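The numbers here are math on the coordinates, done by the rules we state, and not lab data. Keep in mind it's a predicted model, so treat the numbers as computed, not measured. Here the Cβ positions follow ideal geometry from the backbone for every residue, glycine too, while neighbour counts run over all protein chains shown.
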Amino acid sequence: MNQYEIAVIPGDGIGKEVVPAAIRVIDTLTDIHGGLSFKWTSFPWSCEYYLEHGAMMPEDGIQTLRNFDQIFLGAVGMPNLVPDHVSLWGLLIKIRREMQQSINVRPAKLLNGLASPLRDPEPFDLIVVRENSEGEYSEIGGRMHSGSDEMAIQSAVFTRKGTERAMRYAFDLAKKRRQHVTSATKSNGISHSMPFWDDVFKDVLKDYPDIATTSNHIDALAAFFVMKPHVFDVIVASNLFGDILTDLGGAIMGSIGIAPAANLNVERTLPSMFEPVHGSAPDIAGKGVANPLGQIWTGKLMLDFMGYEDLGKLLLDAIEHVLVSGIKTRDLGGRATTEDVTSAVIEYLKSCG
Ligand SMILES: NC(=O)c1ccc[n+]([C@@H]2O[C@H](COP(=O)([O-])OP(=O)(O)OC[C@H]3O[C@@H](n4cnc5c(N)ncnc54)[C@H](O)[C@@H]3O)[C@@H](O)[C@H]2O)c1
């Protein structure tokens, strides 16, 4: 029996509803498998915790998390209680940085049973590999002067190590998929960092002679995501470009409520963190109507990363089965509750066991 310790941070809003739902689903799956189990330890770190303690997590929070195999997170943010930049940087971004989760992976796939807002799209199945530790999201810069003289400078940071690490991850992933990597560049407009990005891409691709490559400027790439997403397999992008592109990926799937994400420590020296793309959705929190499928699909990414791809595949099959059977939450045009969808996924898994 392989036992894994998982730190759970439900966070705020609907995180507290979809995380327990996804845990029930994953526990059903591990029961069926019989050879592995997860021990879940929950931490109440959230905006409410901030109001009580003056911090999003305890001082030794990062130290505590280091003892776990992986982190399973819901969503963080309750802007009416705590400003977003405080909650995000105090928990989510802190964990990503301290745990050296340098790669962010987000798939987008046309699922059976789900209508894409694109008119009659060909089936698409792509993964965006986003550099998650540097690039445009650096803390280097500042503001000076005020009034009409006010100015701001924000420097982007691209290192060969960070850039190459993201690209190698993308190529290795493409080897297991459809053997194609697209690089998201903008070297026609950004004259230092993006030509550097292109040079590193050309260096890395020499080590992967069997992988076909394309380089697209990010503006054209965004348009292609809408016009012909089926041509893509793996896309590698900088922190900002990847962030924007992956929201578009979620949108063309049909709802932000189903999109999953993984923040990976690729060296596997520290825990990785798995979280859906969506936020805490304060507008629907506490009503029992949140779509749990994004959190459940996030569980698939965790299983895949831990080497249980067979279970991950079964989980995605279950998601598609439930969608095809028409059990859908409001964001997908249905009337089902979080509980209805969760129970339907569990029932399907049991029927497979
Ligand atoms: N990774 C994260 O923790 C994360 C990500 C994004 C936003 N946030 C935070 O969440 C808070 C709310 O942000 P927002 O409103 O911009 O984005 P959001 O993703 O929470 O909500 C956007 C819209 O999508 C809907 N939605 C989101 N997830 C859904 C689900 N699972 N089922 C059904 N509908 C769903 C919401 O009801 C809302 O109408 C903010 O504090 C923000 O900073 C956190």
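Rounded to the nearest 500, what is the chain's calculated 222 nm mean residue ellipticity when only DSSP H runs of at least 4 contribute -39500 (n - 2.57) each, over all residues? Please report the intermediate quantities before stating the final value.
On the way: 12 runs with 139 residues, N = 353.
Result for the chain, helices only: -12000 deg cm²/dmol.
Given 0.36 nm per residue, what is the gain on full extension from Asp317 to Ala222 after removing their alpha carbon distance, in nm? Provide the component values of the computation, followed by the final result.
Numbers: separation 95, 0.36 × 95 = 34.20 nm, distance 2.84 nm.
Full-extension gain reported as 31.4 nm.
Which FRET efficiency value, to the nearest 0.05, is calculated for Ile140 and Leu51 with the Förster distance at 35 angstrom and r the Cβ-Cβ distance? Display every interim value, and only then the final one.
Values: r = 31 Å, r/R0 = 0.89.
E(calc), rounded to 0.05, equals 0.65.
In loop segments of segment 98-168 as defined by DSSP, the trypsin sites (Lys or Arg not before Pro) with at most 14 further C-beta atoms inside 10 Å of their C-beta are Arg119.
Expressed to the nearest 5 percent, the antiparallel share of DSSP beta bridges inside segment 116-253 is 30 percent. Give Lys313/Lys350; Lys39/Lys109; Lys161/Lys202 a once-over and call out the pairs whose C-alpha atoms are over 19 Å from each other. From the list (Lys313/Lys350; Lys39/Lys109; Lys161/Lys202), the Cα-Cα distance tops 19 Å for Lys39/Lys109.
Each residue of segment 37-50 was assigned a 3J(HN,Hα) from its phi angle through the Karplus curve 6.51 cos²θ - 1.76 cosθ + 1.60 (θ = phi - 60°); the sequence is 8, 10, 9, 9, 10, 9, 10, x, 5, 5, 5, 5, 4, 4 Hz, with glycine and proline shown as x. Computed from backbone phi, the HN-Hα couplings of segment 253-260 come to 6, x, 6, 5, x, 10, 7, x Hz, rounded to whole numbers (Karplus: 6.51 cos²θ - 1.76 cosθ + 1.60, θ = phi - 60°; Gly and Pro given as x). Positive end of the dipole of segment 116-253 (Cβ unit charges, origin at the Cα centre): among Val204, Asn239, Gln154, the Cα lying farthest that way belongs to Val204. Put a plus charge on the Cβ of each Lys and Arg, a minus charge on the Cβ of each Asp and Glu, and nothing anywhere else: the dipole of segment 209-302 about its Cα centre is then about 260 debye. Among rounded, prolate and oblate, which fits segment 144-224 when a ≥ b ≥ c are the square roots of the eigenvalues of its C-alpha gyration tensor, a/c under 1.5 means rounded, and a/b larger than b/c means prolate? In terms of gyration-tensor shape, prolate.
The amide H of Ser37, built 1.01 Å from its N in the peptide plane, has Asn2, Gln3, Tyr4 as neighbours under 5 Å, considering only residues 5 or more places off or on other chains. Distance between the pseudo-spin-label points of His230 and Arg178 (7 Å out from Cα toward the beta carbon): 0.9 nm.
Only Lys, Arg, Asp and Glu carry charge here, each on its Cβ (+1 for the first two, -1 for the last two); on that basis the chain has a dipole of about 560 debye about its Cα centre.
Charges only on Cβ, +1 for Lys and Arg, -1 for Asp and Glu: so what's the dipole of segment 235-353 about the Cα centre, in debye to the nearest 20? Before the final figure, lay out each step's value.
Numbers: 8 positive and 14 negative charges, 47 e Å.
Computed about the Cα centre, the dipole is about 220 debye.
Here Ile93 and Val324 are evaluated by their C-beta separation; at R0 = 35 Å the FRET efficiency comes out at 0.40. Shown here for segment 1-68: GluC sites (Glu not before Pro) in loop regions (DSSP other than H, G, I, E, B) with at most 11 other Cβ atoms within 10 Å, namely Glu59. Residues whose amide H comes within less than 5 Å of that of Gly74, counting only those at least five positions distant or on another chain, are Ile9, Gly11 (H built at 1.01 Å from N in the peptide plane). Between Glu5 and Glu150, full extension at 0.36 nm per residue minus the direct alpha carbon distance yields a gain of 47.2 nm. Each residue of segment 8-22 is assigned a 3J(HN,Hα), and the resulting list reads 10, 10, x, x, 10, x, 5, x, 6, 9, 7, 5, x, 4, 5 Hz, derived from the Karplus form 6.51 cos²θ - 1.76 cosθ + 1.60 (θ = phi - 60°), x at Gly and Pro. Can you find, among Thr269, Leu88, Phe224, the residue farthest towards the positive end of the dipole of the chain? Put +1 on the C-beta of Lys and Arg, -1 on that of Asp and Glu. Working it through, the farthest residue towards the positive pole turns out to be Phe224.
Can you pull out the GluC sites (Glu not before Pro) in segment 122-168 that DSSP calls coil and that have at most 14 other Cβ atoms within 10 Å? Don't skip to the answer; put the middle values down first.
Values: sites: Glu131, Glu134, Glu136, Glu139, Glu150, Glu164; in loops: Glu134, Glu136, Glu139, Glu150.
Answer by residue number: Glu139, Glu150.
With Cα atoms defining each centre, segment 110-188 and segment 199-262 are spaced 7 Å apart in the structure.
Rounded to the nearest 5, the antiparallel percentage of DSSP beta bridges internal to the chain is 40%. Peptides 20-27, 331-338 ranked from most to least packed by the mean count of surrounding Cβ atoms within 10 Å: 20-27, 331-338.
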